[in-house]
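Presented below is the structure to which this report refers.
The values are calculated or read from the model by the stated rules, or taken from the named source; none is laboratory data. Values in this document were obtained by computation on a predicted structure and should not be read as measured data. Don't worry about glycine lacking a Cβ; one is built from the backbone with ideal geometry, like all the others, and counts go over all protein chains shown. The protein model used for the area step is the full one, side chains on, heavy atoms only, and it has no ligands, DNA or RNA in it. Shrake-Rupley method; radii C 1.70, N 1.55, O 1.52, S 1.80 Å.
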Amino acid sequence: MLSILGFAMIATFLLLVLTKRLSVVVAFVFVAVAFALIGGFSAEMGQMMMDGIIKVTPTAVMIVFAILYFGLMIDVGLFDPLISKILGFVKGDPLKLVLATAIITMLVGLDGDGSSTFMITISALLPLYKRLGMNRLILACVVSLAAGVMNIIPWGGPLVRAAASLHVEVYDLFIPLIPVMIVGLLWTLLVAYILGKKERARLGVIQPEAFMALTEQAATAEVQKGTSKLFWFNLILTLVLMTMLVMEVLPIQILFAVAFAIALFVNFPNPQKQQDMILSHANNFVMICTLVFAAGIFTGIFSGTGMMDAMAGTLVSIIPDWLGSHMAVIVALTSLPLGFVFSPDAYYFGILPILAETAANFGIDPVEIGRAALLGHSTAGYPLSPLVPATFILIGLVGVDFGDHQKFLFKWAYGTTICMTIAAVLFGVITL
């Protein structure tokens, strides 16, 4: 009975979200309350919800300070000199420009917000692509690939969703994936090289007179200049933060909180300026934190009532043993195509917990399933899915047809998933 109730709960949530009858946050809360009452758990419902919220609170705290920190660093122009040098190096060469596109997207993608990454990167680079007469589908493709891989960072949406859904630590998901991310970024650079070489063969190396002036203008587009005299301080602080994060010196939430407090005080000594800076990035973290807490309510009911265990037991009874032992790889390779059917919220909160619980019955750690899901759904599937609003921001800015974008990107995007899955198996991040 619990299994039937659980499948009905997931189906109801997916139906409401996919048909856009309710927002994800409202659907989480309404469905959780409704099925807790239907299942006769009204007395325990409140405690289950609180348990779920408490489990996702560390994740929400990390999101707030990470988004604020990298938002501040972009505001004060930490990455501007490097971006300017990269664009200055291009000098009318299509191959160099496509490679620069990948590198700049990786840098801007550190803020964890896909929409802002697309807006800043496209605004800076589109004029150069137009000036050189290059195929804008290549711009959309390379930006998508680089942003997709960077999407795995802990303060980005997918990893946060996976951690909140599975009730696992962000560190457990992210740290083992670092070498796999590096492989994904190298693949992105390889794709950029292949596409750039084709454009160079088609167009040749062009050096119009106004190119350098245009480069300087584009490099600073959509970026608020800050106090350049603090560049070295901000750079060292960021490098120290990244080093301590990898070494796990302190919990990731504390590292970002302390680093942000230091950066905010040094760059904006005036209290009012500090407040203004925080408010300027409030939209970025308020939305995703609200989603995380609502998800905590949903998963608190889903797991607390025993529905998840019952559903997993049902799936285990019908999945053959030989297939169950390969669950991690199967999840990695199917997570991209599932991105066309399920939005990130629907996939991570509706599908992933069931897959993880099912895999646990075959002796596979649920955290492996979380990592496997990130290899496809968040990287390659993210810029391809019609269910991700940021995708339409991308194609709108670049000015290409969505169908053309999907056709051009798909093989390269799925290549990302395959490369990263192979790397994950070789590095022992997921089991074969």
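Given the conditions (1) over 15 Å from Met62 (Cβ atoms); (2) touching a residue at least 40 places away in the same chain (Cβ under 8 Å); (3) open to solvent by 80 Å² or more (accessible area, probe 1.4 Å); (4) not polar (S, T, N, Q), report the number of the one that Leu279 does not fulfil.
(2)
Residue by residue, here is whether (1) crowded, with 16+ Cβ neighbours inside 10 Å; (2) more than 23 Å from Ala163 (Cα to Cα) holds:
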site: Ser3; (1), (2): yes, yes
site: Gly6; (1), (2): yes, no
site: Ile10; (1), (2): yes, no
site: Lys20; (1), (2): no, yes
site: Ala27; (1), (2): yes, no
site: Ala34; (1), (2): no, yes
site: Ile38; (1), (2): no, yes
site: Gly46; (1), (2): no, no
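Can you go through Val108, Val25, Val33, Val17 and tell me which one is among the hydrophobic types (A, V, I, L, M, F, W, C) and farther than 24 Å from Trp155 by Cα?
Checking each option against the conditions leaves just Val33.
Quick check on this structure: which one of Ile175, Ile86 is at pLDDT below 80 and either farther than 24 Å from Thr421 by Cα or open to solvent by 10 Å² or more (accessible area, probe 1.4 Å) (or both)?
Result: Ile86 is the single residue among Ile175, Ile86 that is at pLDDT below 80 and either farther than 24 Å from Thr421 by Cα or open to solvent by 10 Å² or more (accessible area, probe 1.4 Å) (or both).
Report every pair of residues separated by at least 6 positions or lying on different chains whose Cβ atoms are under 9 Å apart, first residue within region 42-68 and more than 20 Å from Gly306 (Cβ to Cβ), second acidic (Asp, Glu) and open to solvent by 70 Å² or more (accessible area, probe 1.4 Å).
Partner pairs satisfying both residue conditions: Pro58/Glu169; Thr59/Glu169.
Mind checking which residues of region 189-216 are in a helix (DSSP H, G or I) and modelled with pLDDT under 70?
If the condition is that a residue be in a helix (DSSP H, G or I) and modelled with pLDDT under 70, then Phe211, Met212, Ala213, Leu214, Thr215, Glu216 are the ones that fit.
Filter region 143-184 for residues that are β-branched (Val, Ile, Thr), over 8 Å from the mean Cα position of the chain (by Cα) and closer than 19 Å to Leu291 by Cβ and give the result.
Result: Val160, Val168, Val170.
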